[in-house]
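Below: the structure, in structure tokens.
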Amino acid sequence: MDTKFSLLIVEDEPAIRTGLEDLFVYHGYAVDSAADGPTGLRKALTGRFDLILLDVMLPGVNGFDICERIRAADREQPIIMLTAKTADEDIVQGLRLGADDYVGKPFSVTQLVARVEAVLRRARLGIDRERLALGEEVEIDVRNLAGRRGTATIAFTRREMEVLQYLGANPDRAVSREELLNKVWGYARGLDIETRTVDIHIAKLRRKLESDPAQPRYLVTVRGAGYRLLSS
């Protein structure tokens, strides 16, 4: 890597924590770690890290609570959750709380490194200064990760805004899940990654943008092809 990124690993299992430390030091990262929830939360809130690898099952404070606390303090902090809990409801909970991605245990170290690099690559690109309008009801301030639907205010995560930006830049066609994973998350095409991340982010965005998420007017599904963002 050209830049030495800083990484915080919050993991209570010593063998996994040590292995991750060695792995990312080998790949050129500056690594700090924590073995329990309270220590991880303190380091996350007081330090400056390019990315946080966060286990879910932690003593003291669990990873879901830590993620929520981090996101309340900094909506742009990149977070990847590590979890042996791969049931849909656990994955959905982590992503709803603002995690950029999740990786189930046991995991491939090659895939984990690729996913960390992809999240960092997207975070480094930043967000262009612009506004999006959906009909007369929804206005989106891209730069400030904010917007309104009618009189209600909306707050977006950085990743949610990146999804909206990419769909907004391609209004005349459906964008597939694979393309979103490639262009927004930065995953290489053909990389064997099983993830519901795209679908969960689309569902989160519909709850924020649509008056009736079950019958979306703006963020629509094109059967067999992907998603489109309609301006009216």
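The values are calculated or read from the model by the stated rules, or taken from the named source; none is laboratory data. Computed from a predicted model, the values in this text were never measured in an experiment. Don't worry about glycine lacking a Cβ; one is built from the backbone with ideal geometry, like all the others, and counts go over all protein chains shown. All accessible areas refer to the heavy atoms of the entire protein, side chains included, with ligands and DNA or RNA removed. Shrake-Rupley method; radii C 1.70, N 1.55, O 1.52, S 1.80 Å.
When 152, 146 are checked against the criterion of being over 25 Å from residue 80 (Cα atoms) and open to solvent by less than 50 Å² (accessible area, probe 1.4 Å), 152 stands alone in meeting it. The set of residues in the stretch 4-30 that are over 19 Å from residue 103 (Cα atoms), open to solvent by 40 Å² or more (accessible area, probe 1.4 Å) and of a type outside the set (Lys, Arg) comprises 25, 26, 30.
Please go through the stretch 69-106 and pick out each residue that is hydrophobic (A, V, I, L, M, F, W, C) and surrounded by 15 or more Cβ atoms within 10 Å (Cβ to Cβ).
Listed by number, the residues that qualify are 70, 79, 80, 81, 82, 91, 92, 95, 97, 99, 103.
Just give me the residues in the stretch 24-74 being closer than 18 Å to residue 93 by Cβ and touching a residue at least 40 places away in the same chain (Cβ under 8 Å), in sequence order. Result: 52, 53, 54, 55, 57, 58, 63, 66, 71.
Of all positions in the stretch 59-66, at least one carries a residue that is open to solvent by 10 Å² or more (accessible area, probe 1.4 Å) and either among the aromatic types (Phe, Trp, Tyr) or within 15 Å of the chain's Cα centre (by Cα) (or both).
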